[in-house]
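**Q** Sharing a structure here in structure tokens format.
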């Protein structure tokens, strides 16, 4: 069962764009010699036997399985790719959230936001600690950042997010920022 997420004003499905950027990001990081592990490689839920389960139960199982993947990966960092949606179609730009229990990720989130803005021309609007309600951000044992790459509710931004070259620039800029962050340590 796909977890569709937000649907843009032009019909774009958040989950599909997230996954495409994530695959590109993984590819760029691997080309830089950085090992990656993805918690999802298809649009399908990573749950088992969904029959008779509520959407809430399926979502909870999916999130727990992703958390297990993160824990077993021995990763140094968890990066979560998303798109944003707001009732006002004029709202646009980047929003990044860092893992509040790993304060050092604030610097990484700022690196990513700055690099993404330079490479894509997207506006920079917020780098904040993640909300305590975000399950994976709250429960990962490793530093984590959540990247909102743009607003599907903004027609211009949605169009850009559907452009393969623009998604490649997003992936490259995130990878470049991650590499520079670890080199600066």
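The values are calculated or read from the model by the stated rules, or taken from the named source; none is laboratory data. On a predicted model such as this, the values are computed, not experimentally measured, just so you know. Backbone-built Cβ (ideal geometry, glycine too); neighbour counts: all protein chains shown.
**Q** Going by the structure shown, is residue 63 surrounded by fewer than 19 Cβ atoms within 10 Å (Cβ to Cβ) and outside any loop (DSSP other than H, G, I, E, B)?
**A** Criteria met by residue 63.
**Q** Turning to a different aspect of this structure: Looking only at residues that are in contact with a helix residue (DSSP H, G or I) (Cβ under 8 Å, 6 or more places away or on another chain) and more than 19 Å from residue 179 (Cα to Cα) in segment 102-126, which one is modelled with the highest pLDDT?
**A** 122
**Q** Restricted to segment 13-34, and to residues that are in a loop (DSSP other than H, G, I, E, B) and touching a helix residue (DSSP H, G or I) at 6+ places or on another chain (Cβ under 8 Å), which residue is nearest to residue 75 (Cα to Cα)?
**A** Among those residues, the one meeting the criterion is 34.
**Q** What's the total number of residues in segment 33-60 that are loosely packed, with under 11 Cβ neighbours inside 10 Å and modelled with pLDDT of 80 or more?
**A** Residues in segment 33-60 being loosely packed, with under 11 Cβ neighbours inside 10 Å and modelled with pLDDT of 80 or more: 3 in total.
**Q** Need at least 3 residues that are surrounded by fewer than 19 Cβ atoms within 10 Å (Cβ to Cβ) per element, so show me which strands (runs of 3 or more DSSP E) inside segment 81-182 make the cut, counting only ones lying wholly within it.
**A** Per the criteria, 124-129.
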